[in-house]
Amino acid sequence: MASASLAFPSLHLQFPSQRSPNLTSRHPTHRLIIRASVSSEKPSALPPLSTAAKAEKPTSLPIRKIPGNYGLPLIGPLRDRLDYFYNQGRDDYFKSRIQKYQSTVFRANMPPGPFISANPNVVVLLDGKSFPVLFDVTKVEKKDLFTGTYMPSVDLTGGYRVLSYLDPSEPSHGKLKRLMFFLLKSSRDRVIPEFHDAYTALFETLESDLAEKGKSSFGDANDQAAFNFLAGSLYGTNPADTPLKTDGPKLVTKWVLFQIGPVLTLGLPKLIEELTVHSFRLPPFLVKNDYKRLYDFFYNASTPILDEAERIGVSRDEACHNLLFATCFNSFGGMKLFFPNMMKWIGRAGVKLHTELAQEIRSVVRSNGGEVTMGSMEKMELMKSVVYESLRIEPPVPLQFGRAKRDMVIESHDAAFEVREGEMLFGFQPFATKDPKIFERSEEFVPGRFVGEEGERLLRHVLWSNGPETESPTTGNKQCAGKDFVVLMSRLLVVEFFLRYDSFEIEVGKSPLGAKVTVTSLKRASF
């Protein structure tokens, strides 16, 4: 979902709306050097804010020193990591510090810390007013920050720094993002029919499992459906007809784990997790053969896209590694995370919402001659709002990072804070998009929140795509290249589901990546 920053960044592919002038020079790849040291720099040691930064945007808010500190070297980051993963958990880690400092802006350490991150020190932004600075590439640099305070080995991506890790100022960024736009444009006519086929197979799997076992894992069925849909819609290929067969989802999941394991809890005993995935990188050679199988599949399936890559000055090899990453990490990863979460919220909302969605969706489709089209879905106001509300309340890109390009002043609702050039900024998006000063009943799932003129005005505060929902990705920004593609896929899931079913019941558990949704009942369409 986005060229944003981590933890299943979502899907990075989109139907282009704007393009920037061609960029033709190449940027050499390099390997990040990780130092086993932690900065002990205290806020008081920072130099005064530059006069230029103070004059850049006068503020009427009181200037407040950023509260919090990083603690002693090694000890502080380790303590914060244990709080983040185990002692408090992610949400309470942030909530407790908001309460302690009486501020939504403060200093803290972000995992993984020792011995993976060179420097885990960040300035945390947790409200809807300060958070958007992370989208402003005139103020923050996005180079090598996709996964946060560390970068996985480029051995996991064919030796290349792929698009997600490039700053817009780097020459390769524009070319690779344009390639993603081309990919989506060339696949536009296949998206709706391929989604229907892939998710009809998912629904049949759910029904078969329910008949046999009385329950069915939505996540397991969704993994295969998502991979088949992406292969079919983007590349016109059925994985089952290739040497990859049905192995794609499990290969991708294993490969992704080697990249983001340091910021996940995997359910292993605490001591084992701390001494392994949270402290040291898993060696890339362990997934080399799995990755080669994926690479071969995408290389053979994407000939027209690779031809276009050569035309715009990107080698076929680099292009293929980028296509693999965008499809598997961003797109498949986003669907793996967001689709179960969305079904969780819709399922919990109950029969009344289910009935309203079914009535709206079926009425519009019937009036459109029985066809599902992008135009017909634009008329489904409640369905569209439900998708946006799912993206708001549990965005698939929870973590965002950026490094300050210069001294600046950042405003929250209540105060202004001086940030120095080179400092790492971090935002936890679910807090920004549940800001009670922006959204009423901010912690609740409100299905009709974005219906009507007032609801549409709130869309500028829906930020899942590494930018406001009211803006568009370009080659000059880091907004999710697949913004519209993600919204379309999410709408299709709701539409296809309620064309087939009146209602459903679920059980919800936890997994390392979002919700674990088990379907316990499906009521077939009766009207």
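Here are some notes:
- Selection of helices (runs of 4 or more DSSP H) fully inside the stretch 415-527 by the criterion of at least 3 residues being more than 23 Å from the chain's Cα centre (by Cα) returns 452-457, 483-500.
- Within the stretch 365-398, the only residue that satisfies the criterion of being of a type in the set (Ser, Thr, Tyr), free of Cβ contacts under 8 Å to residues at least 60 places away in the same chain and surrounded by fewer than 16 Cβ atoms within 10 Å (Cβ to Cβ) is Ser367.
- Residues located in the stretch 399-417, provided they are open to solvent by less than 40 Å² (accessible area, probe 1.4 Å) and out of contact with any Gly (no Cβ under 7 Å at 6 or more places or on another chain): Gly402, Asp407, Met408, Val409, Ile410, Glu411, Ser412, Ala415, Ala416, Phe417
- Among residues of the stretch 284-298, those that are of a type in the set (Phe, Trp, Tyr) and open to solvent by 80 Å² or more (accessible area, probe 1.4 Å), counted: 1
- Of the listed requirements (1) part of a helix (DSSP H, G or I); (2) touching a strand residue (DSSP E or B) at 6+ places or on another chain (Cβ under 6 Å); (3) not polar (S, T, N, Q), Asp167 misses just one: (1).
- Boolean, Asp167 is at pLDDT 95 or above and open to solvent by 50 Å² or more (accessible area, probe 1.4 Å): no
- Scanning the stretch 308-317 for residues that are touching a Leu at 6+ places or on another chain (Cβ under 8 Å) and assigned to a helix (DSSP H, G or I) gives Glu308, Ala309, Ile312, Arg316.
- Counting the residues of the stretch 482-505 that are under 15 Å from Leu357 (Cβ atoms), hydrophobic (A, V, I, L, M, F, W, C) and open to solvent by less than 40 Å² (accessible area, probe 1.4 Å) gives 7.
- Restricting attention to the stretch 360-381, the residues being part of a helix (DSSP H, G or I) and in contact with a Leu (Cβ under 9 Å, 6 or more places away or on another chain) number 6.
- Some residue of the stretch 456-473 being open to solvent by 50 Å² or more (accessible area, probe 1.4 Å) and farther than 30 Å from Gly174 by Cα: yes
- Counting only residues that are of a type in the set (S, T, N, Q), without any contact (Cβ under 8 Å) to a residue 12 or more places away in the chain and within 12 Å of Leu179 (Cβ to Cβ), the stretch 294-326 holds 1 of them.
- Checklist (1) touching a Cys at 6+ places or on another chain (Cβ under 7 Å); (2) open to solvent by 50 Å² or more (accessible area, probe 1.4 Å); (3) of a type outside the set (Asp, Glu) applied to Arg311, failing item: (1)
Yes or no, residue by residue, for (1) open to solvent by 60 Å² or more (accessible area, probe 1.4 Å); (2) in a helix (DSSP H, G or I):
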position: Pro243; (1), (2): yes, no
position: Gln259; (1), (2): no, yes
position: Glu274; (1), (2): no, yes
position: Leu282; (1), (2): no, no
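- Residue that is most open to solvent (accessible area, probe 1.4 Å) [pool: residues in the stretch 128-148 that are under 19 Å from Ile410 (Cβ atoms) and of a type in the set (Ser, Thr, Tyr)]: Thr138
- Set His173, His196: member being under 25 Å from Val256 (Cβ atoms), assigned to a helix (DSSP H, G or I) and not hydroxyl-bearing (Ser, Thr, Tyr): His173
- Selected residue (criterion: farthest from Ser169 (Cα to Cα)) from residues of the stretch 112-127 that are open to solvent by 10 Å² or more (accessible area, probe 1.4 Å) and in a loop (DSSP other than H, G, I, E, B): Phe115
The values are calculated or read from the model by the stated rules, or taken from the named source; none is laboratory data. Since the structure is predicted, the reported quantities are computational estimates derived from the model, not experimental observations. Ideal geometry is used to build each Cβ from the backbone, glycine not excepted, and the neighbour counts take in all protein chains shown. Each accessible area value is taken on the protein alone, full model and side chains, heavy atoms only, with ligands, DNA and RNA left out. Shrake-Rupley method; radii C 1.70, N 1.55, O 1.52, S 1.80 Å.
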